[in-house]
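Below is one structure, written out as structure tokens, with a few remarks after it.
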Amino acid sequence: MRCDVAVLGGGPGGYTAAIRAAQLGAEVVCVEAEAELGGTCLRVGCIPTKAWVQTAHWLKAARESFEKLGIVVEDPELDFGAANEWKRRVVAQMTGGVATLFKANGVDWLHGRGRFTDANTLFVEGQEEVRFERAIVATGSFPIRPPIPGLDSRLCVDSTGLLSQTEVPRRLVILGGGIIGCEFASIFRHFGSEVTVIEMLDRVIPQEDEDASKELAKALGKSGVQLQLGKQCTGVEETGGGLTVRFGEGESVEADLMLVSVGRAPLVSDIGLDAAGVSYDTRKGIGTDDHRRTSQPHIYAVGDCAGYWQLAHTAFREGEVAAENACGHEAVMGSPAVPRPIYTDPEVAGVGLTEAEAREQYGDDVAVGRFPWVANARAVMQDETVGWVKSIHETRYGELLGIVIVGPHATDLIEAGVVALDSESTVETVADGMAPHPTLSEAIKEAGLVALGRAIHLPNRKPRA
């Protein structure tokens, strides 16, 4: 089989690249080994996890808020089988949608495991060879499993294994307090599990704004999640159908299941990159330029395997850029404002610089405004007042540097910050814009007003310089 563009991997970066290349007139073949398209994100990552998030959200609302709002229900409880069926249906709809888009755009899907045999050939197990003019590598990433004694137990699972559970574990230990670990901690606490999070650093979601990290830790603790921060896991033992997890200085906790979520590594081994002449690092992934070109100019790489960001939405954009360049157009990634959504309870989202990053780069020329949800009418109506919106800007020219949100619908609201940063808005532009009332989006404007020392709905609130 011959084609103009071969895409290795059918996840967010791969299927986006394949569709975009086909739209530009290329003959495209996408090689994907799994039974469904969509990659980790659609099959065993973002989509099924967030389906459970929605179940957890409504379960919490039914237990804690419905009565306040005048809705009477009888002792809400979780039907985990029904929740799993809903998760399955959502995944099926999303993965099936990608297959439909492939057909509509004329993309050929070769089902099988592929690897390069030279710089212009892909061998696909159980299929024919694919000869291509240009290729796009989008093989994704895989969960890291650290060398801790006993972690090879069948009761120590990664996120894929946790998503496949048919019963809610009574006691769940989570190794890793990053995004994945904290999202599952929120979900399973609402599902009724006793949850313990073990994190070697001294705070959860350590890459995020420190105030957001503290707010989330406080909320997790209030919900009953046990946070063991600044402690390393030293070993795991199977004991009577369960686990004993050892950590810190002689501490331990009993569990029925353990989630190992300490990060993901780029999937670059055993796909023939050496045969294709593509340079890569097993830890950092495939090296690319701003056009997503690898060391072989006609081969591109996108998504988790290329090491820039491990986010589905960055993979989408990288796939578009790679496809356009592979088809003879000119496109670059540049320095886009990348949103950082975290689907915990409360939700956390950021874009641009954190406060610490802003102060490191701009020193004293930084002002910060924070607007709490308890002062927002829509949040009060929804009985979701935990958290705030933070606006960060430099004071010389008023350039907006970052927005951080903790609270209701943070992951949806952050798009306003993406647009503002990509358009190089000033904080005045955001603060003087007209926000619809009563909405959650007003809080973004209000945080800008606080940052400028012009707070209207907060008493005597001045910007934090």
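The values are calculated or read from the model by the stated rules, or taken from the named source; none is laboratory data. Note that the coordinates shown come from a computational prediction; the quantities given were computed from them, not determined experimentally. Every residue, glycine as well, gets a Cβ built from its backbone with ideal geometry; the counts of neighbours run over all protein chains shown. Only protein heavy atoms, including side chains, enter the accessible area calculation; ligands, DNA and RNA are left aside. Shrake-Rupley method; radii C 1.70, N 1.55, O 1.52, S 1.80 Å.
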Looking only at region 142-163, filter to residues that are open to solvent by 10 Å² or more (accessible area, probe 1.4 Å) and part of a strand (DSSP E or B); which one of those is nearest to residue 263 (Cα to Cα)?
143
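This table checks each residue for (1) under 25 Å from the mean Cα position of the chain (by Cα); (2) touching a residue at least 60 places away in the same chain (Cβ under 8 Å); (3) over 30 Å from residue 351 (Cβ atoms).
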site	(1), (2), (3)
234	no, yes, yes
241	no, no, yes
248	no, no, yes
251	no, no, yes
259	yes, yes, no
276	no, yes, yes
295	no, no, yes
302	yes, yes, no
Restricting attention to region 90-134, report how many residues are farther than 23 Å from residue 264 by Cβ and part of a strand (DSSP E or B).
15
Across region 144-190, which residue is farthest from residue 206 (Cα to Cα) among those that are of a type in the set (S, T, N, Q) and under 20 Å from the mean Cα position of the chain (by Cα)?
164
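Yes/no matrix, rows are residues, columns are (1) aromatic (Phe, Trp, Tyr); (2) assigned to a strand (DSSP E or B); (3) closer than 28 Å to residue 31 by Cα; (4) open to solvent by 30 Å² or more (accessible area, probe 1.4 Å):
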{"residue": "269", "(1), (2), (3), (4)": "no, no, yes, yes"}
{"residue": "283", "(1), (2), (3), (4)": "no, no, yes, yes"}
{"residue": "289", "(1), (2), (3), (4)": "no, no, yes, yes"}
{"residue": "296", "(1), (2), (3), (4)": "no, no, yes, yes"}
{"residue": "314", "(1), (2), (3), (4)": "no, no, yes, no"}
{"residue": "332", "(1), (2), (3), (4)": "no, no, yes, yes"}
{"residue": "350", "(1), (2), (3), (4)": "no, yes, no, no"}
{"residue": "357", "(1), (2), (3), (4)": "no, no, no, yes"}
{"residue": "361", "(1), (2), (3), (4)": "no, no, no, yes"}
The condition of being of a type outside the set (Asp, Glu), over 21 Å from the mean Cα position of the chain (by Cα) and surrounded by fewer than 23 Cβ atoms within 10 Å (Cβ to Cβ) holds, among 433, 369, 448, only for 433
So which of 441, 423 ends up being of a type in the set (Gly, Ala, Ser) and open to solvent by 50 Å² or more (accessible area, probe 1.4 Å)?
423
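Right, residue 61: assigned to a helix (DSSP H, G or I), farther than 29 Å from residue 132 by Cα, in contact with a helix residue (DSSP H, G or I) (Cβ under 9 Å, 6 or more places away or on another chain) and of a type outside the set (Asp, Glu) or not? Show your work before the answer.
Numbers: assigned to a helix (DSSP H, G or I): yes; farther than 29 Å from residue 132 by Cα: yes; in contact with a helix residue (DSSP H, G or I) (Cβ under 9 Å, 6 or more places away or on another chain): yes; of a type outside the set (Asp, Glu): yes.
The answer is yes for residue 61.
Out of the residues in region 334-348 that are under 19 Å from the mean Cα position of the chain (by Cα) and more than 27 Å from residue 217 (Cα to Cα), which is least open to solvent (accessible area, probe 1.4 Å)? So that I can check it myself, show each step before the final result.
The initial filter retains those residues of region 334-348 that are under 19 Å from the mean Cα position of the chain (by Cα), namely 335-348.
Subset that is more than 27 Å from residue 217 (Cα to Cα): 335-336.
Values: 335: 118, 336: 47 Å².
Here the residue is 336.
Within the group 317, 340, 370, which residue is at pLDDT 95 or above, within 27 Å of residue 181 (Cβ to Cβ) and in contact with a Phe, Trp or Tyr (Cβ under 8 Å, 6 or more places away or on another chain)?
Details: 317 fails: in contact with a Phe, Trp or Tyr (Cβ under 8 Å, 6 or more places away or on another chain); 340 fails: in contact with a Phe, Trp or Tyr (Cβ under 8 Å, 6 or more places away or on another chain).
Among 317, 340, 370, only 370 is at pLDDT 95 or above, within 27 Å of residue 181 (Cβ to Cβ) and in contact with a Phe, Trp or Tyr (Cβ under 8 Å, 6 or more places away or on another chain).
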Within region 187-207, residues within 14 Å of residue 344 (Cα to Cα) and open to solvent by 10 Å² or more (accessible area, probe 1.4 Å) come out as 189, 190, 191
Based on this model, can you work out whether residue 194 counts as of a type in the set (Asp, Glu), in contact with a strand residue (DSSP E or B) (Cβ under 8 Å, 6 or more places away or on another chain) and closer than 16 Å to residue 7 by Cα?
no
Does any residue in region 341-360 that is farther than 15 Å from residue 464 by Cα come within less than 6 Å, Cβ to Cβ, of a residue that is open to solvent by 50 Å² or more (accessible area, probe 1.4 Å) and part of a loop (DSSP other than H, G, I, E, B) six or more places away or on a different chain, and which pairs are these?
346/386
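Answer with yes or no whether residue 49 is modelled with pLDDT of 95 or more, open to solvent by 20 Å² or more (accessible area, probe 1.4 Å) and outside any loop (DSSP other than H, G, I, E, B). Spell out the reasoning first.
On the way: modelled with pLDDT of 95 or more: yes; open to solvent by 20 Å² or more (accessible area, probe 1.4 Å): no; outside any loop (DSSP other than H, G, I, E, B): yes.
No: the conditions fail for residue 49.
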Here is a check on your reading of the model: is residue 243 open to solvent by less than 10 Å² (accessible area, probe 1.4 Å) and in contact with a Gly (Cβ under 9 Å, 6 or more places away or on another chain)?
yes
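Please pick out the residue among 40, 55 that is in a helix (DSSP H, G or I), of a type in the set (Val, Ile, Thr) and open to solvent by less than 50 Å² (accessible area, probe 1.4 Å). Step through it out loud before you land on a result.
On the way: 40 fails: open to solvent by less than 50 Å² (accessible area, probe 1.4 Å).
On inspection, the qualifying residue turns out to be 55.
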The condition from (1) farther than 23 Å from residue 63 by Cβ; (2) in contact with a helix residue (DSSP H, G or I) (Cβ under 6 Å, 6 or more places away or on another chain) that residue 387 misses is numbered (1)
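When residues of region 432-448 are filtered for being touching a residue at least 40 places away in the same chain (Cβ under 8 Å) and in contact with a Lys or Arg (Cβ under 7 Å, 6 or more places away or on another chain), how many remain?
Narrowing region 432-448 to residues touching a residue at least 40 places away in the same chain (Cβ under 8 Å): 437-440, 442-444, 446-448.
This time we only want the ones that are in contact with a Lys or Arg (Cβ under 7 Å, 6 or more places away or on another chain), so: 438-440, 447.
Residues in region 432-448 being touching a residue at least 40 places away in the same chain (Cβ under 8 Å) and in contact with a Lys or Arg (Cβ under 7 Å, 6 or more places away or on another chain): 4 in total.
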Over region 372-405, the set of residues touching a Leu at 6+ places or on another chain (Cβ under 7 Å), open to solvent by 10 Å² or more (accessible area, probe 1.4 Å) and among the small types (Gly, Ala, Ser) is 375
